[in-house]
Structure formats: C-alpha cells, structure tokens
Amino acid sequence: MTDLLRDTLTDQANSTEPPGLDLERIISAGDRRRRRRRTVAVAGTAMITLAVIATGLAVVGVTDREPAPAALPFTERRATYAAGTEIHYGKDVISVAPNKISAFVQTDAGFVFVTEPGGVFVADGREVRRIRPDNTTSALAADNRGTLAGWVQDNSDGSSDSVVYDVAADRELVSTPTGNEESLGSRVQAPRIIAIDGNSAYFGTLRGVYRWDVTANKGEFLATALPNAVRTASSGLLVYQRPLQQPKPGLRLAAGPTPSDSGGREFVGQQAFLSPTAKYLLTSPDDLVSVEPSWAGLQLFEVATGRKLPLPWADHSRLIFSQWIDDNTFIAVGERRNSPSSEVDLLTCSTQSLTCQVTTPAFSTFTFTKTPPRTPPFVLPLGTPMYWLFK
C-alpha cells in the first residue's frame, strides 16, 4: 500500500462520525419490554393496538384456537352497554357476531360474556373465543379492575363448580365444588359468584358464603346463608341482607367485613353496588316488582357515615344502575319521563357534584320481548340479565 493511499484512507476513517444513540428510543423500548414481562395481558405491538383503536373494529369469528394478542387496552372503564351482537365500549363498537349477548362483564384483558344457549366467551377486541361449554349458568362476576372473571359451572351429576378464570393468562385459577355438592332438586336458590375483589373471590354456595383466596386456591367459610344473601363486595367490605337466611330479600342491608345478623352499619334497599374503594354505596329498593333484578329507584350513601346523598333525575322516571367508572363516577340508564316509546338515555353521574349528564341519548328503549326469556334490547355490564317477570 502506498503512502498516499494509506494517508487517504486514514483521513476518511477519522472524518467519519459514529452513529448517534437515540437514548429516548432505547429507554422507551426497555420500558416496553419490562411492561411485557410484568403484565401477561399485554402482547402485540403498539402499531397493531393503535390501528384497532382507530378503526374501532373487532372480531372476525369464534375460534377454539390459542388466544391472539390483545388488541384493545381495556383497563379504561367507559360508558358501556351491549345490544344484540355488539358491545358499545364508549365510542368503540366490538362485534361478537353471530353470538347474541345475554350477560357480560369487563376485565382489563377483554369482555367476558354468555349467550342464551349457554357457554362463556371472551371478546378481546380482535377475536372472540369460547372458553367454556354450554352448561354454564347465566351470571358472571368481575372486579372493577384486573383480569379475573367468575361464574358457576353446572355439572352433569347435579353438582356445580365455582370457577375463577384469568382472561389474560387464558386459564382457570379456581374450579371447586365446595359448598355446591347438593343436587339440583334440593336447591332453594342457585349458587352464584358474588364478587371478585382483588385476589379474593366470594362464592354464594348452597352451604353458605365462602371467601376464596385465588392465589393460594384456598377457601374460608364466612357464614351460613342463602346464595344471594351477600349482594356485593369491594375493598374487603361486604354488603348483605338481614336476616341472612330469609328466603326473600328484606328491606335492610348491612355493610361489614363478615356477614352477620348483628353489628355493622345498615342501609335501606335490596340491591347493592359498592364503589371501587367502598367509599360509596348505591342501593335500590324493590319498587320495580315486575323486573328482576330490581335496579331502579337508586339511592346513594356515604359508607363511612351512612349519610344519604341526593341524586337528581327529574327528567327520568327511573334510574337503572350500570357500572362504576371510579369512586366519583358511575353510569346509569335513565328512562325518559313521558316518553311514548319508553326511550332510555345513558347517564354519567358524579358522586361529588351530585349531578347526572346524558352521555348517550336515546340509545335504546325500556321494552321487553313478548316471548320468554322476556329481556330488553340492551344489556348492562353487570354480569346478570334483566328479565320481565310478568307473564
């Protein structure tokens, strides 16, 4: 190599700048990898997520395959309802066709729903998959946050299993017949999953009420009571009827860490809906005797003081509870006063300002099908169907 050629190559090498490090991009990528390790539910790329959110589309069909990566971030709670084969999640519409939803709940990893023929399904914004066969009861339960859902599975021998399922991990964490070993013929009321509260699940069984540690898969017997005696649970607080073993719902509700016929603060109502941190309680008296559950005539209470707070709903003849968004906000359905077609609005209500604003006007009607099961055209994300009881 000549001196001229060597000098030329050396000058070119020295004049070349090394590529700059994009620290922001590297840190961001590291954060994304760390989030993926910590959260089973998050998979797929940001590009896919943004594309699905932008289109508001979901679901090609029902599959029995392994679940695809989640496409929508369902950690946000929005004003939500279902109609026919569609879930209206705020401004996003998720199709579950050809399935028609009879009851559904939201988890951080997607919606869990059941159909009238039976079976449990998950809609995650990208696909719909069946996770349980047809012999499942119609009621579901889920926490206000998290990826767990629960239901009762009826078995061919007449027993039932209380099931807790992790939607993100796509696996059962609990499936136990504890308390439900009796046959169908001996039941006064069907067993149910009362609530899921963090890592605790509350089972209303034929034998009584259990608190189940989902992580350890171990249960604790709380009280002898009918399956529907405890209405709800949140942040370790339970709301239950008095007396506990009365077959028909009473007009008194009590709140405490353990169901009991004594002690604790009492409230008026039959149905009960605790806010996420149990700061507020919404109750409903039995003033709508022809519809089950009787989710009308809402009353709002501060749990700590028992103080009743006024709810303004002069423009609506009844309010039907739908969901808590957070401690300060809940969603309700209001039937328009003097509406010839019984139109209903979706309302966003504040526990701070004690006001309700129309979020989605005239989204449906408070009417029921003429043939059994007599249900309205809409379904609310409470895990339980609404039925017209008159024949």
query = So which strands (runs of 3 or more DSSP E) stay within region 276-391 end to end and still have 2 or more residues that are closer than 30 Å to G263 by Cβ and at pLDDT 90 or above?
reply = 280-284, 299-302, 316-326
Qualifying position, being at pLDDT below 95 and in contact with a strand residue (DSSP E or B) (Cβ under 9 Å, 6 or more places away or on another chain), among L184, L238, L222 = L184
query = For the subset of region 77-108 comprising residues that are at pLDDT 95 or above and of a type in the set (D, E), which member is nearest to the chain's Cα centre (by Cα)?
reply = D108
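Conditions tested, residue by residue: (1) part of a loop (DSSP other than H, G, I, E, B); (2) open to solvent by less than 60 Å² (accessible area, probe 1.4 Å).
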position	(1), (2)
Y202	no, yes
R207	yes, no
L222	no, yes
N228	yes, yes
task = Please enumerate the residues belonging to region 81-124 that are surrounded by 19 or more Cβ atoms within 10 Å (Cβ to Cβ), assigned to a loop (DSSP other than H, G, I, E, B) and aliphatic (A, V, I, L, M).
result = V96, A109
ask   = How many residues does region 259-275 hold that are over 14 Å from A195 (Cβ atoms) and assigned to a loop (DSSP other than H, G, I, E, B)?
value = 7
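The values are calculated or read from the model by the stated rules, or taken from the named source; none is laboratory data. These figures come from a predicted structure and were not determined experimentally. Glycine gets a Cβ as well: all are built from the backbone with ideal geometry, and neighbour counts include every protein chain shown. With ligands, DNA and RNA removed, areas are computed over all heavy atoms of the protein, side chains included. Shrake-Rupley method; radii C 1.70, N 1.55, O 1.52, S 1.80 Å.
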